[in-house]
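Undergrad: Have a look at the structure that comes next, please.
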């Protein structure tokens, strides 16, 4: 049984601005990952490494769902270590006060648990919390 990781925050930015940060390669590089072949088009396959010179974790994803300014979903895999596949979904919801709620959900992370502590539920939850609250939010609210 899958236990999705869900991390949510409120950002003082419009859904349009958040969407651009989630889908524009130049903006993504500033707060997320350098993903040169990413396009917010269903079926697009992209790959990237985590930052740093060591190129430790190679990721490959495929865009599954695109609802502009509302939802973006893609697969998340580590082809050098496993054939397992998980899914990352970003949801954007405008709030009445002008702020925007952003939620990231990562499902099927338990598929990677045999790969060790760096692939544990705790590690994924901490990683997504950092990406959302220490990277995306400050990038958009600066």
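The values are calculated or read from the model by the stated rules, or taken from the named source; none is laboratory data. Quick caveat: nothing in here was measured; it's all calculated off a predicted structure. For neighbour counting, all protein chains shown are included, and Cβ atoms are generated from backbone atoms with ideal geometry for every residue, glycine included.
Undergrad: Given the conditions (1) within 21 Å of residue 112 (Cβ to Cβ); (2) surrounded by 14 or more Cβ atoms within 10 Å (Cβ to Cβ), report the number of the one that residue 38 does not fulfil.
TA: (1)
Undergrad: List the strands (runs of 3 or more DSSP E) inside the range 34-131, counting only whole elements, that have at least 3 residues being within 16 Å of the chain's Cα centre (by Cα) and within 25 Å of residue 10 (Cα to Cα).
TA: 58-67, 71-77, 85-94, 100-107
Undergrad: Could you list, in sequence order, all residues of the range 1-16 that are closer than 18 Å to residue 95 by Cβ, touching a helix residue (DSSP H, G or I) at 6+ places or on another chain (Cβ under 8 Å) and surrounded by 16 or more Cβ atoms within 10 Å (Cβ to Cβ)?
TA: 7, 11, 13
Undergrad: Give me the residue from the range 20-33 that is outside any loop (DSSP other than H, G, I, E, B) and within 12 Å of the chain's Cα centre (by Cα) and, out of that set, surrounded by the fewest Cβ atoms within 10 Å (Cβ to Cβ).
TA: 31
Undergrad: So residue 85 passes all but one of these: (1) surrounded by 15 or more Cβ atoms within 10 Å (Cβ to Cβ); (2) free of Cβ contacts under 8 Å to residues at least 60 places away in the same chain; (3) under 18 Å from residue 22 (Cα atoms); (4) touching a strand residue (DSSP E or B) at 6+ places or on another chain (Cβ under 8 Å). Which condition number does it fail?
TA: It is condition (3) that residue 85 fails.
Undergrad: Just one of the numbered conditions (1) modelled with pLDDT under 95; (2) over 20 Å from residue 136 (Cα atoms); (3) touching a strand residue (DSSP E or B) at 6+ places or on another chain (Cβ under 6 Å) is not true of residue 53; which one?
TA: (3)
Undergrad: Could you run through the range 88-106 and say how many residues are free of Cβ contacts under 8 Å to residues at least 12 places away in the same chain and touching a helix residue (DSSP H, G or I) at 6+ places or on another chain (Cβ under 9 Å)?
TA: The total comes to 0.
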